[in-house]
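Everything on this sheet refers to the single structure shown next.
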Amino acid sequence: MIDLDIGGVVEVIIDWLTNNFGGLFDAISAVLTSVVGGLEWVLTSIPVLVVIALFVALAWWMVGRGVAVFTLIGLLLIDAMGFWDDTMVTLALVLTSALVALVLGIPLGVLAARSKGVERVVRPILDTMQTMPAFVYLIPAVLFFSLGTVPGVVATVVFAMPPVVRLTNLGIRQVREDVVEAAHAFGATPRQVLIKVQLPLALPTILAGVNQTIMLALSMVVIAAMIGAGGLGQQVLKGITQLNVGLGFEAGFAIVILAIVLDRITQAMGAGRKTTHK
């Protein structure tokens, strides 16, 4: 039988990339470090009650009174447990990872929707990204960017990007053909059809992808903590390694609260802001 050393091939590719694109990886690392560091500084510098008030106001405006009350109680509980700074670090990591995933994923989804060839190439790649165990992403991320926040962000981007690519592709393809044909009949260019017709009509589906991307990014915080990403994931990891049930549970509960708040707000973005408060 033929003995295929796929792992060896992958190692050769990673070594080649590291040796030939070290400058590019350093530049990416510097940019991501600046973005995450800037967000952390902003979120931790603003008084706790001000941040809570902003989240409560956003939840009330986007969703309604019930979620606003939950947001108020949940964030106050996080602060009372002593995890506020860790929560803000986690939020900075999630926002940065989600932003990069969206910047890369939405244009890729648009390309896949407009070209069957691109879709045929992208689909198996997305399948691999979604089915590959998340821990595997940590290995090349560490080799390219060493330990710390940056490899955590990169691994999270790879893990969280597929939903927004798929749903952007799906949303644009679901736009009715007669609407697109009518736009062409009125003299719209392909770019105008995309920007003024297809993207607005596909926006609810695209925003559903944004929601899923943010949730997947948040689900990576504990795994990313294994390579030094910090935040609430680091506290959960500390609880596991020290067999500290209380610490692990409290940090995990803080992650749940943050996840619910972000999920409800981003879901409301996709459904449209509520006109009446419940």
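The values are calculated or read from the model by the stated rules, or taken from the named source; none is laboratory data. This structure is a prediction, so every number in the text was calculated from the model and none was measured. Don't worry about glycine lacking a Cβ; one is built from the backbone with ideal geometry, like all the others, and counts go over all protein chains shown.
The residue pairs whose first member lies in the stretch 44-69 and is exposed (fewer than 15 other Cβ atoms within 10 Å of the Cβ), whose second member is at pLDDT 90 or above, and whose beta carbons are closer than 8 Å, counting only pairs six or more residues apart or on different chains, are ALA57/ALA68. Please go through (1) free of Cβ contacts under 8 Å to residues at least 40 places away in the same chain; (2) closer than 26 Å to ILE195 by Cβ; (3) surrounded by 15 or more Cβ atoms within 10 Å (Cβ to Cβ) for ILE106 and return the number of the only condition it doesn't satisfy. That leaves (1) as the condition not met. Filtering VAL118, VAL158 for residues that are out of contact with any Gly (no Cβ under 8 Å at 6 or more places or on another chain), modelled with pLDDT under 90 and either closer than 25 Å to LEU194 by Cβ or not in a helix (DSSP H, G or I) (or both) leaves a single hit, VAL118. All of GLY233, GLY248, GLY209 fail the test of being crowded, with 16+ Cβ neighbours inside 10 Å, of a type outside the set (A, V, I, L, M, F, W, C) and closer than 20 Å to GLY105 by Cβ, apart from GLY209.
Per-residue answers, yes or no, for (1) at pLDDT 85 or above; (2) part of a helix (DSSP H, G or I); (3) out of contact with any helix residue (DSSP H, G or I) (no Cβ under 6 Å at 6 or more places or on another chain):
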| position | (1), (2), (3) |
| --- | --- |
| PRO200 | yes, yes, yes |
| ILE214 | yes, yes, no |
| LEU218 | yes, yes, no |
| ILE223 | no, yes, no |
| GLY248 | yes, yes, no |
| ALA254 | yes, yes, no |
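Taking the listed residues PHE144, PHE135, the one that is in a helix (DSSP H, G or I) and surrounded by 14 or more Cβ atoms within 10 Å (Cβ to Cβ) is PHE144, with no other qualifying.
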